[in-house]
Structure formats: structure tokens, C-alpha cells
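J.: My structure is below; once you've seen it, I'll send some questions.
Derivation of every value follows stated rules applied to the coordinates shown; laboratory data play no part. These figures come from a predicted structure and were not determined experimentally. Counting neighbours? That spans all protein chains shown, and the Cβs are built from the backbone with ideal geometry, glycine included.
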2 protein chains.
Amino acid sequence: MALIDGKHVSAAVLEDLKAKVASLRDTHGITPGLAVVIVGDDPASQVYVRNKVKRATEIGMLSEKHELPADASQEEVLALVEKLNNDKRVHGILVQSPPPPQINERAVIETILPSKDVDCFHPVNVGKLLIGDEDGFVPCTPQGIMTLLAHYHIETAGKHAVVIGRSNIVGKPMGVLLSRKSTRANCTVTMCHSRTRDIPSLCRLADILVVAIGRAHFVTADMVKEGAVVIDVGMNRIEDSSKKSGYRLAGDVDFEHVSQKASYITPVPGGVGPMTIAMLLTNALKACCLAHNVAV
Amino acid sequence: MALIDGKHVSAAVLEDLKAKVASLRDTHGITPGLAVVIVGDDPASQVYVRNKVKRATEIGMLSEKHELPADASQEEVLALVEKLNNDKRVHGILVQSPPPPQINERAVIETILPSKDVDCFHPVNVGKLLIGDEDGFVPCTPQGIMTLLAHYHIETAGKHAVVIGRSNIVGKPMGVLLSRKSTRANCTVTMCHSRTRDIPSLCRLADILVVAIGRAHFVTADMVKEGAVVIDVGMNRIEDSSKKSGYRLAGDVDFEHVSQKASYITPVPGGVGPMTIAMLLTNALKACCLAHNVAV
């Protein structure tokens, strides 16, 4: 069994991005800009936003945090997005999810210019993803998983990938990416979800198993084929009084036992998670290059 | 074995549409308008376009055919689409595929207003399809298949659907629709394609098998589970000197033998084919209702 080390790969991606950002600055005088919008004071969201801004700054991007109060109106959020749409220094915009209940999140997302939609939540970019157009963006978590597979030279063509979960953020785009007509994809893909009968049997067919169902230790060793590649997108909190925080993180996969059968497996934490910000910044750089019609 | 009779179901859909169009006219004074654009004189395309215009007219819609010569420029096609975008009498626009080689088809499609894109080829509508937004359109052939399944009260929830083919027009949207979180869907879906290994074994898992691979009689009886529902999207021409035209139509499924194992099966012709225009006109009516903010 080999561990897929998301910390290591994301660090390599960030190093590469840093060099490209420097090159953009030196050869074209351009600095990619990322604007992160947060509405309200949800502690977890605050941590995510802080990390995104910090990493962007570390690799030399211009990064701005825009905070609105928890009781901000829909109009205020839309006005801020419009302002950022029109700001030439800003190439990528993301609005941290979830916003407070009075905000219509889909309307906010559909207001972001597709060319600045680095989360790939706008219907135009989701559509380009399904069609196979290369000039849109790819959502961060599935793109992170594709990058991990490529980094470890894991063959995908003709392999059977089973994806558990059909969320718009992970499961659906993951299935689309894996089944794409591309040398880095070309999987046969089975999409499983809450209404699937006999998930264990289907899992056992998987050469590549991607689990994004949000239930701790859902995938057990008996559900995994010997030699399978197992990607765990789960981030579940389990009560643990031995920890200062009172909980520990657990994936959707029973790592202890599944890792004995898998050829490759992602740990939680340290697997898929660290890739997300690296892919967000990859998209921000792409948005900047497209906006200025330059390549790095 | 029961035959899925697309001629019968499409006739019922068209009758229903005709009544709704009459009701729209009587209660709101509105007539849905469909504009069909054809560039060049490909004989097959001419037939398709003629049938679309004819059926639209028969159910009381306003239907216009717009012809451009085979050597029309990209600018001429885009100008026509823009004119139709701005024409309030026109609620749905389609540009018959394929256009001549000098035309960039994607650029033409992306010029059609998403609210008039009744083929559901624009990225915005494709994205809404994947996201699950109800205010976009659904592409005609997969929508026709979902309508056939519903008409025959074929249970889909929890069933394993296997889709062969990953085209943007049929395979991909078919997989998306079948796996949707909806009482009329909720299938576990496996997407197979040219790079899939051992298609026969995967086919044998299918409770519902949708074949859109474009190879005559590709699916044979040994690839089908007893009692499966078999949907054949193929329309292949086979040389046949006994026919006046010199050919006959054959599906992707070996109907003669597969029909002995299937619980339901679509014939070719007369299965999926006749549904396409009925769904196009369903979308045109929806576009009209959305444009005028009325329901029928």
C-alpha cells in the first residue's frame, strides 16, 4: 500500500504556482488577484477564508478578504459581487459557502462573472465541464483528486471508477471528470448515492473508489477490491474526549483496515483536503491568464 | 416482452401540447414561436427541419424556417441568431446540426439566448441540467427517454442503469437525468464508452440499458439480463438492395434476439426517434411560458 500524500503534492503545486506568479509579474507586470467574500461569522468559514487568503498571499497573489455582517441583505452581497466583477485587479471571486439563510446563494453565484468564477459553481462553467470545453474552470476538490491521480501516475483509462455521493461540489463533477474522453481520464464510471441498492457489491467492482458520502468509516475492507485505489473525500467529526477540541476528524473510509487492501489510499486528514486551496489558486492563475490573454 | 411505442407516446404528447397551445391562445392571447435555422442544403438536415416546422405548425405554434446558403459566413449566421434573440414572437431557436465546416457551431450555440435554447446545447442550460436547476431545458432525446419510462410506469429508483455512449447530445445528459435525485430518476448509473473494458459484463448488470453508441446490433442477447428494460437510441443505415432507398435502418441493439429477454424494449424505428420532436416542442412551450411568466 502506498499513501497518497496530499500535503506533499499540494506543496509542490503551490511552489509551481509561486514560480508562475513571479514569472507573470516579471515578464508581463501582472499580479493575479483573488477576492474572497464572507458573509457572517461562522467560525469554520472564517478559518477556511483566512487560509485561502493566506496561501494566495504566500504565492505572491493579490488577495483580498471582503467581510459582510451576518445580517447583510441580498442586495448588499450582490452589490459587492458586482463591484468585484468590475474590478480589473480581481481575476477570481469566491463567496464562502454557506451564506446566512436570508441570502439566495444560487443568485449570488449566478451574479459572479463566469470568467471570475474560480470555484466553478456558475452554470456556464458547470456546463462547460460537462460538455468538455477547456476554457472553463474545474471545481477544486475533484480537480485536486485528478491531480493526485496524475502525480502518482495512476492509470485511469479503461479502469472502473465508482463514485459514492452525487453532490454538486464533489460527486457529480468527479464522475464527469473521470469519464471524460482524455488520456488522463477515460474511466468507466458508476455513480452511487443514497438510493443505490447494494453499494458494497458495486464498490467491489472499483479499480478506483472515490467516497464522498459524509458518513464516518462508511467504506469497510470487505467493500474494497484487493489493489484498488481509494480516495476519501470525507471530513467527519467524531467525538473524542482525549482531544483538546473534543473531536477528531474521520474520513468516509475505515482507513485502518481498507489501507491493508488498497494499492493507493488517501489519509484523512492530509489526503484530498490540502489539495483544495492549491486548485483554487490554480484556477485563479488560469483566470488571470485568460483575462490578460497570456500563458505561463 | 412489451414494446415501448414511441409513435403512440409522442402522438399523446403532441395532442397534449396542442391543447395547451390552444389554451394559451384563448386565455392569454399568446402563441409560442419556434424558429429553425438551417445553413446549407444537406438532404437529411432538410428533412429534419421540415418535420420540426410541420409538427410545430400542426399543434398551433408559430413556426419559421430560416435558410442560409451553404457558403454563409459565421457573421451571417450570428446576425440571424441575434435577430431571432431579439424577436419577441420567437420563444425557441434551434440551429440544425451539423452546419457547414466554415461555421463554428459552438460559437453559434453560445450566441443563442439561454432562455430560447430549446435544444439545451448552451453551457448555461447544460450546467443547470447537471446542477439540477429546474428552470433550464432538458435535451430532447434523453428527455424523450425519461418520458417513455414514465409513460410505461417503469420504476427507476434504486435501479441500475447502464448507459453506453458519452456524447454531449445523448449519453452524458442521459446519465445525469437517470441519476438525479428525483422520484422519477434515482438510478445508480454506469457510463460506458469506447474505452470501457468488458462492456458485455457491465451490460448484464443493467436493469435499464440505454444504448447510444452508433453501431448496428452492437448489443446482443448474451449482454442483456433477463427482464431488463432496453432503450435503443441507434439509427444506423444498413445496405439493403431490397429497399427502394438501398438501405434500411437498424438500431444499436439486436432487436430480434434481445426482445426475447427484455421486459420492455424500444424498436428502431418507432421507439426513441419519434419522441425527439415532441420534446423539442415541449421545450418551446416551456420557453414561451417562462418568457411570459404564465403556466398552462
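J.: Can you spot a residue in the stretch B:227-249 that is over 26 Å from residue B:17 (Cβ atoms), in contact (Cβ under 8 Å) with a residue 12 or more places away in the chain, of a type in the set (Gly, Ala, Ser) and touching a Ser or Thr at 6+ places or on another chain (Cβ under 8 Å)?
T.: Yes - at least one qualifying residue is present in the stretch B:227-249.
J.: Which condition number in (1) within 23 Å of residue A:142 (Cα to Cα); (2) in contact (Cβ under 8 Å) with a residue 40 or more places away in the chain is the one that residue A:24 fails?
T.: Only one criterion is unmet by residue A:24, namely (1).
J.: Also: Could you tell me whether residue A:180 is touching a His at 6+ places or on another chain (Cβ under 7 Å) and closer than 22 Å to residue A:121 by Cα?
T.: Here the answer is no, as residue A:180 does not meet what is asked.
J.: With loosely packed, with under 13 Cβ neighbours inside 10 Å and of a type outside the set (Asp, Glu) as the only criterion, which of B:11, B:44, B:35, B:56 stands out?
T.: B:44
J.: Looking only at the stretch A:44-101, which residues are out of contact with any strand residue (DSSP E or B) (no Cβ under 8 Å at 6 or more places or on another chain) and polar (S, T, N, Q)?
T.: If the condition is that a residue be out of contact with any strand residue (DSSP E or B) (no Cβ under 8 Å at 6 or more places or on another chain) and polar (S, T, N, Q), then A:51, A:73, A:74, A:86, A:97 are the ones that fit.
J.: Taking strands (runs of 3 or more DSSP E) that do not extend beyond the stretch A:112-225, which have at least 2 residues that are buried (at least 20 other Cβ atoms within 10 Å of the Cβ) and within 12 Å of chain B (Cβ to nearest Cβ)?
T.: Where strands (runs of 3 or more DSSP E) fall fully within the stretch A:112-225 and carry at least 2 residues being buried (at least 20 other Cβ atoms within 10 Å of the Cβ) and within 12 Å of chain B (Cβ to nearest Cβ), they are A:160-164, A:188-192.
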